[in-house]
Amino acid sequence: MKFTTHQRLGLSWAVVALVVLGLLWLLAPVLTPFIVAAVLAYALAPAVNWLARQRVPRALAVALVEMGFFVALLAVLLMVVPILAKELPLLRNQIPVLAQGFDEQLSPWLAQFGIHVSLDPASIKVFVFKYVDANPEEWMATALSSARIGGSLLLALVGNLVLMPMVLFYLLLDWPELLARAWAFLPPRLRPRVGSFLSECDAMLGQYLRGQLLVMLVLAAYYSLALALTGFDLALPIGVFTGLAICVPYLGYGTGLALALLAAMLQFTSLPGVALVALVFIVGQVLEGFFLTPRLVGERIGLSPLMVIFALLAFGHVFGFVGVLVALPVSAIGVVAARRLRELYLCSTLYRSP
């Protein structure tokens, strides 16, 4: 069977894509900081390029942009600190009360269904006062003990946190040279077609980033307003944190939910108040997963809501956390590739032949 030029080109790109996906699957744990840094470099490169055009030395421009990004990220994370500073002292006093209420009210109700649960409020009080009210030296000793137990995991986490900013700095510093080298690697006859493909991909990814930013802002406003309507004292910091942290799949939402439920238990000390806060987060997750992301992100990159959900689940299942991070950007590139392949197919003799 003899292949045409277009068919050979399509087959070559398919092989390259399969090799890249295979390497991504095999090296996913190692590639995590590099992939995150590459995504951030792509998003931050326009700001660096703009500063460079204003005659700011590129190394200084990279340092300023990267520093600004991490300061903004740190500001979002530090929103958790006042929440913990306010809630931990209350937690120390309220957990024994909550345990006693559970033992007096819920234990008899659960016993009707054959579930026998009995709590000892006195023992819980001793435990809480020992660990929640511990001094910094005791916390440090506990942390060091945990580090010895899970040393490899801790070293991997610290290594990634240190490695990612370094990789990001050098990627941003050498970004024009890296693009030029990649471009020079292409055969001249393929450059017009590949350049058109990459331009379309760039436009598609730009729409994805703008859509994701819009989702974050909408969710930050929703959580802040909805939690405020429930009478929740920490509605603004927890709402803004959850909305902005939603860009980190699962982890951002889970952290916001845990903080909100903890604060709700301490503030309301009743099931209805906690249930209202939980309902806000359930509605927010449904809103984000089935409406905002499919509409504001999926439609911008040409994916239907069902395809967005499928892409997130499929990439997450195959590649883990890295897969969730790259699911929609890779799907956006896949949409452009599918359009090109469809055009080639419609122009091919296989389609046109009687």
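We did not get these values from a lab; they are worked out from the coordinates using the rules stated. Note that the structure is a prediction, hence the values are computed from the model and not measured. Reconstructed Cβ throughout: ideal geometry from the backbone, glycine too, with neighbour counts over all protein chains shown.
Tabulated values for the structure
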| quantity | calculated |
| --- | --- |
| Rough spin-label spacing in nm, given labels placed 7 Å along Cα→Cβ, for LEU341 and LEU78 | 4.8 |
| ARG55 paired with ARG193, simple spin-label distance in nm, labels 7 Å along Cα-to-beta-carbon | 4.5 |
| Positive-end residue of LEU213, LEU262, THR230, charge dipole of segment 190-354 with Cβ unit charges | LEU213 |
| Signed unit charges on C-beta, dipole axis of segment 190-354, positive-most listed residue LEU344, PRO294, PHE281 | LEU344 |
| Only Lys, Arg (+1) and Asp, Glu (-1) charged, at Cβ; segment 190-354 dipole about Cα centre in debye | 700 |
| Burial ordering of ILE35, ILE309, fewest other beta-carbon atoms within 10 Å first | ILE309, ILE35 |
| Karplus-derived HN-Hα couplings along segment 166-172 (A = 6.51, B = -1.76, C = 1.60, θ = phi - 60°), whole Hz, x at Gly and Pro | 5, 4, 4, 4, 6, 5, 5 |
| Where N is the number of residues in segment 190-354, Cα Rg divided by 2.2 N^0.38 Å | 1.33 |
| Burial ordering of PHE268, PHE185, fewest other beta-carbon atoms within 10 Å first | PHE185, PHE268 |
| Ranking of PHE291, PHE69, PHE232 by count of other Cβ atoms within 10 Å, fewest first | PHE291, PHE69, PHE232 |
